[in-house]
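One structure is given below, encoded as structure tokens.
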Amino acid sequence: MKNVLKQSTMLTWPVFVFACLTLFLGCGSEPQPSRKTLKVAATTTMVADLAAAVVGENGEVHGLMGPGVDPHLYKATAGDVNTLQSADLILYNGLHLEGRMADLLVRLGRRGKLVYAVTEGVPESELLEPEEFAGHYDPHVWFDPNLWSYCVDTVVEAMSEADPANAEAYEQRGLKVKSEYEALREWGEAYVNQIPEDKRILVTSHDAYNYFGQAFGFQVVGVQGISTMSEAGLADIVKISEFIKEKEIKAIFVESSVSPATIQRISKDSGTRIGGELFSDAMGLKGHLESAPDGSSFDVGTYKGMFKHNLVTIVEALK
Amino acid sequence: MRDQFLPAFSFQNAIIEPWSLYFDSTIWIVTMGFLVAATCGLIGCFIILRRMALVGDAISHSLLPGITLAFLLTNSRDTLPMMIGAIAAGVVTVALIEAIRQSSRIKPDAAIGIVFSSLFAIGVVLISAYADTVDLDAECVLYGEIGWIPLEDRIVLGGHEIGPLPVIRMAVIGLIALGLLLTFYKELLVTSFDAGLAASLGINPGRYQYGLTLFLSVVIVSSFESVGVILVIAMLIFPGATSMLLTDRLPRILWLSAGFSGLYGLLGFHLATWLDASIAGGMTVVAGIIFTLVWILAPKRGLLVKFVFKSHSKGARTSSIETQAG
């Protein structure tokens, strides 16, 4: 059992030394002044954007996942651990988008941390679930601004609980954000009218756009199924290529956080062109400006900009 | 996006703060890094000798049909059914690898390739045929993340908090591995180096092969669940491989592996803190750097010594290395 002894001494020494150090440093520091701002940690870029819009100048938001990061491939950094531990409030998407990390967050919630899944306010009747697997809802609700609006209520509620003194301010900003999302949906509906209804077919890498399709009247065809990890079957590729030719679909789309290989292959097989790159599980780089054909410009590093980018890309390619 | 490729090194941020401000996170992440590296390293020493070093990578792929079947049977993506499916798939993987190599002329590396690619393919087929509409992949439903260890539930024993659940579990698994090693040391040693000799001593090599690899599959899957995949695959290989560059004697290799494991955990954590990067990645990079240093600078067999020695007397040195290699 010598190894065991060695393990324990190896551990004891640094523990002892640093425990002394902690005590020493702990005695030296002055008591902290009372906190002014609410510290919010958010998982995906969409959740972080929503949180930042509601918290305004009453707090700051730390997003864990960067632009273009597939939530499945996200790796925690040392800083992220401290962000989560020191946060007053943790917001995540939920509906299994964050995978096992969500279990961890729920356990943190049970131990007294304020943790909210922003999608918990979306009525179950509005959620899409696969026919054969009840309860495993599609997590990509942000592609319908109306559904994402429900999430605003949850965020307002969460922030008011974390910081009751400023509840009024969160309420006000929440209302403003909701009206912006409403305007976004109206803008989208009007913009989409440029495509005749029978031409509204969206072919992409994975099934991220079902809520989008439902909201704007698109038939959505995901090549890979809903997981970004599964691969397209050969029969699927042939079937989709045939489908594209039959329906004379003008363009198909790649996604920013999924490998474009399969879509490129289908594009080659069916002779249809690739209409552009859509954002799916993450938004673009902050400060990257794009402009719509109507002259308005938007930042693809924001939720609204990301949504407009997707819609403009789709409509311009298909009309 | 980072503002600069390499952030300035700040002693305060990278060394002092983790052990003062964030002591409670740091201690458990470093301890967990050490425990995973030491446990995987301990078993790794034997699997390297058996030319099965890539079995960790193999299992990370071949558990796909296990979790898919577990999901189809339970309609749940909770950790428990996923773990059970993954362990079952891991056990099947190593049992098949052993069966192929023991009953045919196929070498272990080829046997690993055959088994894991077939099982992975079965998993892909199962998912695309039956579970296409849910998000089901090991990265998302099974693999853990070493960075989250401090946030896990703490085990309290007799009023004292003794640590996060995964750390305690890993320590128990490590102790079991150590206990098994001490109990079956002679048998493992002989069967790893010379199956023929083992048989003549009345030790059934097949039984120990199965025993070791079955235990291995349980260790690997539970480590995946606690800390993710890259750290486990790396730690099955690095501690043993690095130590083997320094000595030939198995007891020393095992001791050195434990020592290296501590270094990986500690230095890797600080590297990750400095760069604000993935912690498992940091620990693995440190393991790679230490391996490279040892490879070049090892006192007896390092590249440097070989190079210097070669220019003096070529013959004696190469012949002794060949004998050892054979």
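B:Thr133 meets each of the listed conditions (1) free of Cβ contacts under 8 Å to residues at least 40 places away in the same chain; (2) under 20 Å from A:Glu98 (Cα atoms); (3) in contact with a Gly (Cβ under 6 Å, 6 or more places away or on another chain) apart from (3). Within the set B:Leu236, B:Leu267, B:Leu304, B:Leu263, the sole residue that is assigned to a helix (DSSP H, G or I) and closer than 22 Å to A:Asn82 by Cα turns out to be B:Leu267.
Taking the condition in contact with a Gly (Cβ under 9 Å, 6 or more places away or on another chain), under 24 Å from A:Asp281 (Cβ atoms) and either at pLDDT below 95 or among the β-branched types (Val, Ile, Thr) (or both), does A:Val192 pass? So A:Val192 fits the description; yes. Of the helices (runs of 4 or more DSSP H) that lie entirely inside the stretch B:126-228, those containing 3 or more residues that are out of contact with any Leu (no Cβ under 6 Å at 6 or more places or on another chain) and exposed (fewer than 15 other Cβ atoms within 10 Å of the Cβ) span B:165-183, B:185-193, B:195-200.
Here A:Val155 meets each of (1) within 13 Å of another protein chain (Cβ to nearest Cβ); (2) out of contact with any Cys (no Cβ under 9 Å at 6 or more places or on another chain) with one exception, condition (1). Return a yes/no flag: does the stretch B:39-52 have any residue that is within 14 Å of chain A (Cβ to nearest Cβ), surrounded by fewer than 18 Cβ atoms within 10 Å (Cβ to Cβ) and not charged (D, E, K, R). No, the stretch B:39-52 contains no residue that is within 14 Å of chain A (Cβ to nearest Cβ), surrounded by fewer than 18 Cβ atoms within 10 Å (Cβ to Cβ) and not charged (D, E, K, R). Within the stretch A:84-102, the set of residues being in contact with a Pro (Cβ under 8 Å, 6 or more places away or on another chain) and either at the interface with chain B (Cβ under 8 Å from one of its Cβ atoms) or not small (Gly, Ala, Ser) (or both) comprises A:Gln85, A:Asn93, A:Leu95, A:His96, A:Leu97, A:Glu98, A:Gly99. For A:Leu105, the requirement of being crowded, with 22+ Cβ neighbours inside 10 Å, within 14 Å of chain B (Cβ to nearest Cβ), over 26 Å from A:Leu311 (Cα atoms) and at pLDDT below 95 is met. Taking the criterion of being surrounded by 14 or more Cβ atoms within 10 Å (Cβ to Cβ) and either more than 20 Å from A:Phe143 (Cβ to Cβ) or of a type in the set (Ser, Thr, Tyr) (or both), the only residue of the stretch A:177-188 that qualifies is A:Tyr181.
A:Lys245 passes every criterion in (1) part of a loop (DSSP other than H, G, I, E, B); (2) over 24 Å from A:Glu98 (Cβ atoms); (3) in contact with a Ser or Thr (Cβ under 6 Å, 6 or more places away or on another chain) apart from (1). How many of the residues in the stretch A:88-104 are within 19 Å of the chain's Cα centre (by Cα), touching a residue at least 24 places away in the same chain (Cβ under 8 Å) and farther than 14 Å from B:Ile149 by Cβ? Total satisfying the criteria: 11. Residue selection: A:Lys178 fails the criterion of being at negative phi and within 14 Å of chain B (Cβ to nearest Cβ). Just one of the listed residues (B:Ile106, B:Ile87) is part of a loop (DSSP other than H, G, I, E, B), away from chain A (no Cβ under 14 Å) and of a type in the set (A, V, I, L, M, F, W, C), and it is B:Ile106.
The values are calculated or read from the model by the stated rules, or taken from the named source; none is laboratory data. Every value quoted in this text rests on a predicted model; they were computed, and no experiment measured them. Every residue, glycine as well, gets a Cβ built from its backbone with ideal geometry; the counts of neighbours run over all protein chains shown.
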